[in-house]
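K.L.:
Structure in structure tokens, see below.
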Amino acid sequence: MTNPIILGAKVNLKRNTLQQIETKLQSLQDKRNELSENVDAAKDDEELTAIENEVNENEKEITDTEEEKSKLEEEIKDLEKQIEELNRKKPGEGVARNMSKNLETREAIKSYVQSKGQERAGFTSVEGGALIPEELLAPQKVPEDVVDLSKLINIRKVNSGSGKYPVIKKSGSKMTSVAELAENPELAKPTITEINYDIETYRGYIPVSQEVIDDADYDVTGLIAEEIQDQELNTKNAAIATILKTATAKAATGLDGIKGVINKDIKKVYNVKAIISASLYNELDTLKDANGRYLLQDDITVASGKRLLGKEVVVLDDDMIGAADGDLVGFIGDPKAFMTLFDRKRASVKWVDNDVYGQLLAGFIRFDVEKTDAEAGFYVTYTPEPAV
């Protein structure tokens, strides 16, 4: 009967092949998107025909690759089923069937030694020597308070690397009354500003040894994919915070200063929020009204859970929204109107070939962030009221 260890080695080989096929499929799909853009840029019928032929060839290759991928997935599934059946404990089938994982490893090492290094299934090897594997336990994850600033701003999906985004500014004008059947008067024209965007590419990889993938008792690839997603979030947050800090500077002394910004400096058409540093949050969190009640109130109806003067409060680290620890600063205004994130391609994670016994888990994101309405908010520097 086939040894489960041998079947396991076959599964690993087929999984490596599957990863290569998935990488190839991703490249073909990326090419499909590029060809789609080329269609719009075609100058004449001859160029359009050439692109059409290339599209057809690309689609055929995608279909063939997807079929190859499906077939390989079925083979892996069948092998895993065989392994499961072989490992299932059944009375009377011999002691070898009930060996523990450690005994299986010991037998695999014995086979390695007896075959002078030719038999390597069932364990890892380093520079031709047998390695007794140590148990790799799941790591402890440090809790973190994650703020996703992209949920607060305007996001536009785009299909090209650069372009123009029109922003219409409300005129504030009114219609006038006219007599029956009189000619329609011309209404005030809105101001349209074109915002240029230019997509930036952010990418990188995290190397992972095949030994870690094989030996770990937890989902290594899932954990690293999650880390890459965290880095995507941090990258976008940093880009968004940088634009927030370009808002018109305004000084505010005490709570009355902040009230002035919210009540009269920003037009009522905007949905105002306060995106502030942790130090400013701490300063405001200690303020009380004449009745001794804290001015910063809990509110479960908003994502951040806090409101100040009726406006949602979002707290960032000092060095993200400010320049250094202790900065009493923040953006007060409508972040959705103030800026737009142009999303060319969401983060994608895929395996890339490596020249060592390991894998590279790579992440790619493409986006740009631009200010779209300068009147939608202010970058406030806060000064506490002097003690009486």
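K.L.:
Could we say that Ile240 is modelled with pLDDT under 90, buried (at least 16 other Cβ atoms within 10 Å of the Cβ) and in the same structural domain as Leu316 (by TED's automatic domain parsing) here?
P.N.:
When the stated conditions are applied, Ile240 does not pass them.
K.L.:
Return the residue satisfying two criteria in turn: it lies in segment 337-359 and is in a strand (DSSP E or B) and modelled with pLDDT of 75 or more, and of such residues it is surrounded by the most Cβ atoms within 10 Å (Cβ to Cβ). Talk me through it step by step, then tell me what you get.
P.N.:
Filtering segment 337-359 down to residues in a strand (DSSP E or B) leaves 339-352, 358-359.
From what's left, modelled with pLDDT of 75 or more: 339-345.
On the way: Met339: 27, Thr340: 22, Leu341: 20, Phe342: 24, Asp343: 18, Arg344: 18, Lys345: 16.
The qualifying residue surrounded by the most Cβ atoms within 10 Å (Cβ to Cβ) is Met339.
K.L.:
What helices (runs of 4 or more DSSP H) lie completely within segment 1-120 and have 3 or more residues being at pLDDT 80 or above and either in the same structural domain as Leu360 (by TED's automatic domain parsing) or more than 22 Å from Asp214 (Cβ to Cβ) (or both)?
P.N.:
The helices (runs of 4 or more DSSP H) meeting that bar are 4-41, 45-87.
K.L.:
Would you mind stating whether Tyr197 is at pLDDT 80 or above, assigned by TED's automatic domain parsing to the domain that holds Val269 and not charged (D, E, K, R)?
P.N.:
Answer is yes for this residue.
K.L.:
Another question, if that's okay. If a residue has to be acidic (Asp, Glu) and assigned to a strand (DSSP E or B) to count, how many in segment 360-388 make the cut?
P.N.:
2
K.L.:
Right, next: Please name all residue pairs, on different chains or six or more residues apart, with Cβ atoms under 6 Å, provided the first residue is in segment 306-325 and is assigned by TED's automatic domain parsing to the domain that holds Lys273 and the second residue is at pLDDT 85 or above and among the polar types (S, T, N, Q).
P.N.:
Listed by first residue and then by second, the contacts come to Asp318/Ser277; Asp318/Ser279; Ile321/Ser277; Gly322/Ser277.
K.L.:
Residues in segment 189-211 that are surrounded by fewer than 16 Cβ atoms within 10 Å (Cβ to Cβ) and under 19 Å from Asn12 (Cβ atoms): how many?
P.N.:
The total comes to 3.
K.L.:
Restricting to segment 156-211, count the residues that are among the aliphatic types (A, V, I, L, M) and touching a Pro at 6+ places or on another chain (Cβ under 7 Å).
P.N.:
3
K.L.:
In this structure, is Asn291 within 17 Å of Gly377 (Cα to Cα) and either in the same structural domain as Tyr202 (by TED's automatic domain parsing) or surrounded by fewer than 15 Cβ atoms within 10 Å (Cβ to Cβ) (or both)?
P.N.:
On the way: within 17 Å of Gly377 (Cα to Cα): no; either in the same structural domain as Tyr202 (by TED's automatic domain parsing) or surrounded by fewer than 15 Cβ atoms within 10 Å (Cβ to Cβ) (or both): yes.
Answer is no for this residue.
K.L.:
Sticking with this structure for a sec: Go through (1) surrounded by fewer than 16 Cβ atoms within 10 Å (Cβ to Cβ); (2) touching an Asp or Glu at 6+ places or on another chain (Cβ under 9 Å); (3) within 18 Å of Leu280 (Cβ to Cβ) and name the single condition Ile266 misses.
P.N.:
(1)
K.L.:
Any residue in segment 256-283 that is among the hydrophobic types (A, V, I, L, M, F, W, C) sitting within a Cβ distance under 7 Å of a residue that is assigned to a helix (DSSP H, G or I)? List the pairs, counting only those 6 or more apart or interchain.
P.N.:
Val272/Ile262; Ile275/Leu244; Ile275/Ile321; Ile275/Pro335; Ile276/Ile321; Ala278/Asp318
K.L.:
Do you know which of the residues in segment 367-388 that are charged (D, E, K, R) and modelled with pLDDT of 90 or more is nearest to Lys268 (Cα to Cα)?
P.N.:
As a first pass, look at segment 367-388 and keep what is charged (D, E, K, R): 368, 370-371, 373, 375, 385.
If we keep only those that are modelled with pLDDT of 90 or more as well, we get 368, 370-371, 373, 375.
Working: Asp368: 28, Glu370: 23, Lys371: 20, Asp373: 15, Glu375: 12 Å.
Among them, the one singled out is Glu375.
The values are calculated or read from the model by the stated rules, or taken from the named source; none is laboratory data. What you see is a predicted model, and the numbers here were worked out from it, not measured in a lab. Heads up, the Cβs are rebuilt from the backbone with ideal geometry, glycines too, and the neighbour counts pull from every protein chain shown.
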